Each structure stands twice: as structure tokens, then as C-alpha cells.
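One structure below.
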Amino acid sequence: MADQVEGTVQNVLEQESLKWVFVGGKGGVGKTTCSSILSILLASVRSSVLIISTDPAHNLSDAFQQRFTKTPTLVNGFSNLYAMEVDPAVEHEDMGSSDGMDSLVSELAGAIPGIDEAMSFAEMLKLVQTMDYSVIVFDTAPTDHTLRLLQLPSVLEKGLAKMMSLKNKFGGLFNQMTRMFGMGDDFGEDAILGKLEGMKDVIEQVNKQFKDPDMTTSVCVCIPEFLSLYETERLVQELTKFEIDTHNIIINQVIFDDEDVESKLLKARMKMQQKYLDQFYMLYDDFNITKLPLLPEEVTGVEALKAFSRHFTTPYQPLASRDQVERLEQRVSGLQHQLKEAEEELERVKRGKHRA
């Protein structure tokens with residue numbers, strides 16, 4: 001434990017060029033709490049921050065104890081922190097206009113696996129980009145969902161290729177059908193392909209930013225257990241494959257030896273956790289690893305989030321360590337006092353000897 005260098009998220013706060021911050025990891029490890037605190041810390045150094053939850057099981061409202069919707073809402077107690085909750089699976093239906101064009105595109109999208117979600121994400125990114133926030137934090141769903149978000153540009157590309165092949169295969173049949181049903185040229189294949197191309201342009205533009213380490217980073221949240229270690233390794237490997245920068249890991253729910261632990265269960269858990277903590281430090285020796293203590297209560301509400309945020313910028317010191325530091329400081333102070341007395345005694349002896 002002694003040779004494990006304690007890290008913080010200070011590097012993320014100091015990187016002024018950052019535009020996108022993804023917070024990912026296995027389900028149930030505290031991603032929402034960590035992304036909420038990260039957004040609070042960023043709000044203290046940036047002009048405007050938006051936190052977006054893309055997890056269908058939204059927890060942002062619970063974390064801040066405030067109701068959020070698909071529209072960015074100012075977080076209570078802040079002047080520059082906004083939050084929104086979107087469901088990428090259905091969001092474009094709500095965001096688009098209610099005319100037949102969007103309805104028809106939606107129907108067509110449903111026939112191509114994955115393109116529905118890709119279109120939703122493109123719509124959301126288009127909306128977010130027009131709002132001009134200094135930095136945007138994504139509180140993502142579990143790992144697989146995060147990886148799907150990163151694959152969306154290629155999904156859109158494949159979807160467009162499929163639409164083009166259908167166009168070539170069926171010729172003007174589609175246009176004839178739309179005219180037959182009185183839909184007019186606005187609903188022709190070219191109009192639909194144009195709409196999809198527009199979404200593809202947006203998502204490709206953002207995807208370039210995602211692959212720029214100056215603009216985007218991903219923070220992996222985990223707990224010191226086997227499944228979480230495995231999931232973190234999978235996430236890091238996939239992020240590397242997609243060229244997404246990642247150099248921060250937050251290990252949550254760590255049991256520190258705060259005092260003499262009598263519980264056999266706690267001792268066993270601490271021993272088990274230490275084994276995985278050692279593995280994290282060995283695997284990610286070039287990462288900033290932040291350890292957060294397991295708390296007896298949930299961290300909900302702005303005040304609780306702010307109070308807990310100090311452990312993100314200053315490594316947590318267990319009570320036992322703090323006591324040890326105090327004891328050593330007292331001992332040093334005592335020795336310094338003894339040394340001073342000894343030096344004074346020596347001076348007196350020297351003066352007496354000199355007179356003699």
C-alpha cells in the first residue's frame with residue numbers, strides 16, 4: 001500500500017481544452033455520483049457545464065434531488081451548471097417535429113439494427129452543440145451502452161449504405177409509393193437520405209472531437225472487486241480501440257482501516273479489496289487512480305455531493321493514518337525541543353570550559 005501513488009481528478013479540472021467527459025463503468029459502482037461531483041468541480045473552474053444522463057434508468061434527479069427532463073435545467077444552487085436526462089433509444093421521436101417526415105424516418109430506421117439509436121444520439125448532439133457549453137459530462141449507462149454510443153457513427157454509415165442499396169434495388173418504386181399516398185416529394189428517398197446524411201455529418205464531426213485527447217477524455221469508475229476490474233479492463237481496451245483518451249480511474253467504495261476493525265467480515269472484505277487494489281495499481285500504473293471511501297450513507301443532494309467532492313481533489317486519509325501523522329508530529333516536536341535543550345546545555349558547557 002505504501003508504494004501506491006495516490007491520484008486525483010485534478011488533471012481533468014486543469015485541462016482547459018476539454019469539451020467532452022465520458023464517465024463509464026459497470027452498473028452499480030457509483031457512476032452517477034462521480035459524474036455529478038465531476039460536473040460540480042468543473043463548474044467551479046468553467047464558465048458553463050452540462051451533465052447529460054444517457055442511462056435509461058436515470059439517477060441524476062436522485063443524485064441532485066431535483067427533477068430533470070430532456071431539456072437542460074439549471075441545477076439548484078448553481079448559476080452555470082445544467083443537467084438533462086435523455087433516453088437515446090426513443091429521444092429523436094420527442095426531439096424531432098411531429099410531421100410525417102420524422103415519423104417515416106423513424107419507421108425506416110426501425111428496420112435497420114442500431115440506426116434508431118444512432119439517429120437519436122445525432123439529434124441529441126446537434127441540440128447540445130447549439131447550446132455552446134464550455135464542457136459536457138456524460139453520465140453513461142453500463143459499459144456496453146457506452147461502447148454502443150462510440151460505435152454509432154459506423155452504424156449510421158452502414159445504415160446509409162443499406163438505404164442506398166435499397167434505392168438502387170427498387171429504383172423509383174419508393175418515390176412512386178410516396179406520391180401514390182399523397183406524400184409528395186418531401187417524403188421521397190432523396191429527402192430521407194438527406195436527413196440521414198445530415199445526422200451522419202453531425203455525428204462524424206463530433207466523433208472527430210471524441211478522438212482528440214485535447215477535447216475528450218473518459219473517466220472509468222469501478223469498485224475493488226473481480227467483475228469490476230474485468231469490466232474496467234474491457235472498457236479501457238475498447239476505448240483505446242476507438243481512440244478515446246482515458247487516463248483516470250476512480251475506485252469507489254474502498255474500505256479503509258479507519259480504526260481498529262473488530263468485524264471479521266470487514267477484515268475479510270478489506271483483505272479481498274486490497275488484492276484487487278494491488279492489481280489496479282499494477283495494470284494502470286500510468287493512470288491517475290482516485291480512491292474513494294465506502295460511506296455508511298448514500299451521497300444525495302448538492303450539499304452532500306459538495307462535501308464528498310473533496311476526496312476527488314485531495315487523496316483520502318484514513319483516520320488511522322491521520323492519528324499516526326499527529327503522533328509523529330508530536331514526537332518530532334518533542335525531539336526538536338530536546339535537541340534545543342541539548343544545544344543550550346552544550347553552549348553552557350563550552351562557555352564554562354572557555355572561562356576555566
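The values are calculated or read from the model by the stated rules, or taken from the named source; none is laboratory data. As the structure is a computational prediction, the values presented were derived from the model and not from experiment. Ideal geometry is used to build each Cβ from the backbone, glycine not excepted, and the neighbour counts take in all protein chains shown.
Quick notes
- Residues considered: D139, D144, D116. Of these, the only one that is in the same structural domain as C220 (by TED's automatic domain parsing) and modelled with pLDDT of 75 or more is D139.
- Filter pass, N59 being surrounded by fewer than 17 Cβ atoms within 10 Å (Cβ to Cβ), assigned by TED's automatic domain parsing to the domain that holds L18 and either modelled with pLDDT of 70 or more or within 26 Å of K26 (Cα to Cα) (or both): no
- All positions within region 283-300 that are under 13 Å from N248 (Cβ atoms), touching a Ser or Thr at 6+ places or on another chain (Cβ under 9 Å) and part of a loop (DSSP other than H, G, I, E, B): Y284, F287
To keep it simple, each residue is scored yes or no on (1) surrounded by 17 or more Cβ atoms within 10 Å (Cβ to Cβ); (2) modelled with pLDDT under 90.
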position	(1), (2)
R179	no, yes
G184	no, yes
K200	yes, yes
I203	yes, yes
Q209	no, yes
S228	yes, no
Q237	no, no
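- Taking the criterion of being more than 24 Å from M131 (Cα to Cα) and surrounded by 24 or more Cβ atoms within 10 Å (Cβ to Cβ), the only residue of region 8-28 that qualifies is G25.
- Scanning region 6-28 for residues that are closer than 15 Å to F312 by Cβ and within 12 Å of the chain's Cα centre (by Cα) yields V9, V12, V21, V23.
- Scanning region 288-301 finds no residues that are in the same structural domain as T140 (by TED's automatic domain parsing) and farther than 29 Å from S61 by Cα.
- Given (1) hydroxyl-bearing (S, T, Y); (2) modelled with pLDDT of 90 or more; (3) surrounded by fewer than 20 Cβ atoms within 10 Å (Cβ to Cβ), index of the condition S263 fails: (2)
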